[in-house]
1. Kirkwood Rh, the stretch 21-82, all Cα pairs: how many Å?
2. Answer rounded, prolate or oblate for the stretch 33-130, using the Cα gyration tensor with square roots of eigenvalues a ≥ b ≥ c: rounded when a/c is under 1.5, else prolate when a/b is larger than b/c, else oblate.
3. How would you rank 109-119, 59-69, 158-168, highest first, on the average number of other Cβ atoms within 10 Å across their residues?
4. Quick one: if you stick a label point 7 Å off each Cα along the C-beta vector at Leu211 and Leu49, how many nm between them?
5. Rounded to the nearest 0.05, what FRET efficiency do His89 and Arg283 have when you use their Cβ-Cβ distance and R0 = 22 Å?
6. Can you tell me the length gained on complete extension of the stretch Val110 to Met224, counting 0.36 nm per residue apart and subtracting the Cα distance?
7. Expressed in nm to one decimal, what extension gain is obtained for the pair Thr26 and Ile149 from 0.36 nm per residue of sequence separation less their Cα-Cα distance?
8. Where does each of 214-223, 234-243 land if you order them by average Cβ count within 10 Å, highest first?
Amino acid sequence: MDSVIASVFLPVALAVVMLGLGLSLTAEDFARAARRPRAVVVALTLQLLVLPALCFGLVVAFGLPPVLAVGMMLLAASPGGTVANLFSHLFHGDVALNITLTAINSVIAVVTVPLMTNFALAYFAPDIAAGHLTLQFGKMLQVFVIVLIPVGIGMILRRSRPAFAERMDRPVRIASTLVLALAILGTAYNERAHVLGYVTSVGVVALMFCLASLTLGFVVPRAMGVEHRQAVAAAFEIGAHNAALAITIAVSALNSVPLAVPAAVYGLVMIPCTAAVGRLLTRGSPRPAAVTSAPAADTPR
C-alpha cells in the first residue's frame, strides 16, 4: 500500500474514529463495569478467549494459507469497534455496556493483540516470523497511542463541552463508517491482482466466524443470566470486530497488505450479517417504547 496511506491516512483516520468514541465516554462508563460484573465478565471471556480459539479452529479446519491465517487471528484479537455501538443503538441493545466493553477491550488489547498475532505468526508462518514480520510491543504501543490518546481527548471534551460532544455524535458515526469503507477499498485495490483468490479462500471462514461470533455473543450471556438488552449489546460487541484497527495494524505496524485482507473481507460480510442478526434479535424483544426506561439497566445487578 502507498506509504503515505499506510503511514499517514490510516493512523489519522483511526485516530478520528477513536476521538469520536471518546466523545461518547465518561468515567462513569468504566465504573459501570463494577455494577454489571456478570455481563462484562462473560463478554470479555468470549472476546479474549473463546473467539480466538474458535477462529484458530476455523483457520486450521479450512487450511487457509499462512498469511490469511495470521490475518484472521489478528482480526479475532481485535476489540469491538464503534460499528458495534451503532448497531446496538439501532437494535435496542444496551449501548452504555457496548461503550464500557469497547473501552476496556481497547486497553487490554495493547497486550493481547501482540501476543495473539505473534503466536499466529510463529504457528502458521514460522519462516516469515523468523525474518522481519513480527509485531513487537513497541509497534503495537505506537498504534494504541493513536487509539488511546484520542479517546482520552474525546472524554475530556465530553466532560468540558457536552453540547459539542452531542453535536459531533452523528458526524463521527458517519466518519467511522467511511473510514471502514475506505480501508476495505484501499486494501482491495492494492491487492487487486489477488483479491478474487483471497476472497474465495477466506470469505467462507470470515462469514462463519462473523455469524458464530454474533450467535455466541448473544446465546452465552443469555444462558448465564444476562438480561436481553445487555446480551444484544454483547452480541454486537463480540461480532462486530474493529476491522479498521486490524487493517491499520497489518499495514502500518506490520507493513503487510495481504495480512489486512481477512479484515477487509470480514468488514464486507460483517455489515449485512450484523444487520440480519439484529433484526432477528429484535423480534419478540421489548419495543422501542420500553427501551426509554434505559436507566433501569444501570441499577446494580
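1. Working: mean 1/r = 0.0733 Å⁻¹.
Computed over Cα pairs of the stretch 21-82, the Kirkwood hydrodynamic radius comes out at 13.6 Å.
2. Values: a/c = 2.55, a/b = 2.10, b/c = 1.21.
The shape class here is prolate.
3. The densest-packed peptide leads the list: 109-119, 59-69, 158-168.
4. Output for this residue pair reads 2.7 nm.
5. The pair His89/Arg283 has a calculated efficiency of 0.80.
6. Result: 38.2 nm gained on full extension.
7. Result for the pair: 42.8 nm of gain on full extension.
8. Those peptides, ordered most packed to least, come out 234-243, 214-223.
Read-outs: derived from the displayed coordinates by stated rules, not from any lab. Computed from a predicted structure; not experimentally measured. In this analysis, Cβ positions are derived from the backbone assuming ideal geometry, glycine residues included, and neighbour counts consider all displayed protein chains.
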